[in-house]
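Below is one structure, written out as structure tokens; the observations come after it.
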Amino acid sequence: MAKKSKKSVGTPATVALTAAGVPFTTHSYAHDPATASYGEEAAEALGVSPDQVFKTLLADVDGTLTVAVVPVSGSLDLKALAAAVGGKRAVMADPAAAERSTGYVLGGISPLGQRKRLRTVVDASAEGRPTVCVSAGRRGLEVELSPKDLVALTDAVLAPIARS
């Protein structure tokens with residue numbers, strides 16, 4: 001069962017949200033290290049549709065690390081991501097490079113409060129939702145906020161980058 005909290009739990013993501021004065025809710029749950037999918041685990045623990053929980057993926061687009069935020073119910077379309085940022089070719093980023101650049105561990109990478117601000121693209125399906133959940137910066141902790149605030153705080157582009 002997920003716990004809800006209105007106060008910050010002190011990850012770089014929640015600190016950034018608090019500093020920006022953005023309303024958000026944190027949801028914590030017991031993370032199972034044996035889980036195959038962090039995002040699906042989060043959706044199940046929170047009791048919400050996998051379409052509402054978004055995973056944060058890093059890709060290398062023409063030599064530049066780029067953040068892609070897509071629903072856990074789908075997968076990232078690398079060609080669409082490259083097109084969304086005016087690139088030609090995208091490949092998934094090296095996991096070690098993703099962790100170094102963001103300051104987060106895999107399964108806990110948040111699009112918010114990253115060590116270095118990277119180009120970010122949020123899947124267009126987020127736009128029609130009242131709220132979305134993304135990692136709050138560690139496994140077992142999600143933050144729920146409006147898609148509008150997510151896009152504004154990450155200076156993201158909205159584009160159809162997910163495949164069902």
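The values are calculated or read from the model by the stated rules, or taken from the named source; none is laboratory data. Quantities reported herein were computed from a predicted structural model and do not represent experimental measurements. Positions of Cβ are generated from backbone atoms using ideal geometry, with glycine treated the same way; all protein chains shown enter the neighbour counts. Note: accessible area is taken over every heavy atom of the protein model, side chains too, but ligands, DNA and RNA are not part of it. Shrake-Rupley method; radii C 1.70, N 1.55, O 1.52, S 1.80 Å.
Using the Cβ of Arg129 as centre and a radius below 13 Å, the other residues enclosed give a net charge of -4, where K and R count +1 and D and E count -1.
Heavy-atom accessible surface of segment 43-110, averaged per residue, reaches 42 Å², computed with a 1.4 Å probe. For P(r) over Cα pairs in 10 Å bins from 0, in percent, the value computed from the atomic coordinates appears in the list (1) 9, 20, 13, 8, 6, 6, 8, 11, 11, 6, 1; (2) 11, 44, 37, 7, 0; (3) 10, 30, 29, 18, 10, 3, 0 under label (2).
Computed over the alpha carbons of segment 99-153, Rg followed by Dmax gives 11.2, 32 Å. If both residues of a DSSP beta bridge must be in the chain, then about 75% of such bridges are antiparallel. Taking each residue as 0.36 nm, the span from Ser164 to Ala96 lengthens on full extension beyond its C-alpha to C-alpha distance by 21.8 nm. Largest to smallest in accessible area, the residues Asp94, Asp123, Asp51 fall in the order Asp94, Asp51, Asp123 (1.4 Å probe, all protein chains included). Computed extension length for Glu127-Lys79: 15.2 nm, one decimal, from 0.36 nm per residue of separation with the Cα-Cα distance subtracted. Heavy-atom accessible area with a 1.4 Å probe sorts Thr14, Thr56, largest first, into Thr56, Thr14. Subtracting the Cα-Cα distance of Ala20 and Ser37 from 0.36 nm times their residue separation leaves 3.1 nm of extension gain.
Descending by average beta-carbon neighbour count within 10 Å, the peptides 154-163, 29-38 line up as 154-163, 29-38, the highest first. Our coupling estimate for segment 107-117, obtained by passing each phi through the Karplus curve with A = 6.51, B = -1.76, C = 1.60 and θ = phi - 60°, is x, x, 6, 9, x, 9, x, 5, 4, 10, 5 Hz, Gly and Pro reported as x.
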